[in-house]
1. Relative contact order for chain B: what is it in percent, counting Cα pairs under 8 Å that are at least 6 residues apart?
2. What is the mean number of Cβ atoms from other protein chains located within 10 Å of the Cβ atom of each residue in peptide B:86-93, rounded to a whole number?
3. What's the longest uninterrupted piece of chain B once you rule out the GluC sites (Glu not before Pro) that are loop residues per DSSP with at most 16 other Cβ within 10 Å?
4. What is the distance, in nm, between label points placed 7 Å from the Cα along the Cα-to-Cβ direction at A:Leu75 and at B:Arg28?
5. For region B:30-138, run through the chymotrypsin sites (Phe, Trp or Tyr not before Pro) and keep only the ones in DSSP coil with at most 12 other Cβ atoms within 10 Å of their Cβ.
6. Roughly how compact is region B:97-137, stated as its Cα Rg over 2.2 N^0.38 Å to two decimals?
7. Taking amide H atoms as placed 1.01 Å from N in the peptide plane, list the residues 5 or more away in sequence, or in a different chain, whose amide H sits under 5 Å from that of A:Gly19.
8. What average number of partner chain Cβ atoms lie no more than 10 Å from the Cβ of the residues making up B:46-56?
Amino acid sequence: MRHGGPVVVLVPRQLRMTGMTGDVPYYGGRFTPAQAYAASHRRPTAPAPRPAPAPPAPSPASTPQREPHETAGTLDALAHLRDSGVLSSAEYDELRARVQ
Amino acid sequence: MTTGPVQVLVVGFDEPSFSGQVMAELERLREAGVVRLVDVLLVRRDEDGSFETLPAPPGSPPGSGTLAADILGAGSAADPDEAGWSLADAVEPGGIAAVALLEHTWATQLVDAIGAAGGRSLGEGWLAAEDRARIPAG
């Protein structure tokens, strides 16, 4: 099916989508709200929800700082998301910087 | 220059179409100050995954599709790490679609009011038909 008008090749561009009332804190729909919240909020008194399966790394509720093994678990989870294509390299770097 | 939120609406068709009826309704909405059709572009995705534009729908003003193609296109297929949404996420190979940029002019003051009140967006979506059916007619 061809038409008489000019045909132009279009290479789709990646667009940053936003909500009608502003930026919705989702990563292109790939995160649930809970995952997006966990990724953007540090929770020093409790382990944050994990966006992907990862070795559990609970910390005592009274511990004010992340335990080293918890940080490692979070980094492993982030690496898993990157490797599985959920996160881009840029997103991975940004989230890793927040964790470390 | 737009004043309201602009929606990207992608509608699939078996044949290239954006009927006169649709255009007439959009014109009615524009006159009512509800929605303005910023631009509309017809595209076809070939089986190899590439996109090409199609002639503008009948009745479209000269140059239709140029702005939409500029906004939606000019990408680089070589960067899989680039995050976001693209037409390739919506149109399957072999598909034909009309892509409309719709400015929701009705929402301008509402968005301003929400911002002035310190509100921030946490989620947006459209109710499915089964849930809409539970809403009494206004």
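1. For chain B, the relative contact order is 40 percent.
2. Per residue, the average neighbour count from other chains is 3.
3. B:1-46
4. Going by the 7 Å Cα→Cβ label model, 6.1 nm.
5. Sites meeting the loop and neighbour criteria: B:Trp126.
6. So the Cα radius of gyration is 1.60 times the expected 2.2 N^0.38 Å.
7. Hits under the 5 Å cutoff: A:Val24.
8. Shielding by partners across B:46-56 averages 3.
None of the figures in this text is laboratory data; all of them are computed from the coordinates on show. A quick note: this is a predicted structure, and the numbers were derived from the prediction, not measured. Cβ coordinates were reconstructed from backbone atoms using ideal geometry, including for glycine residues, and neighbour counts include every protein chain displayed.
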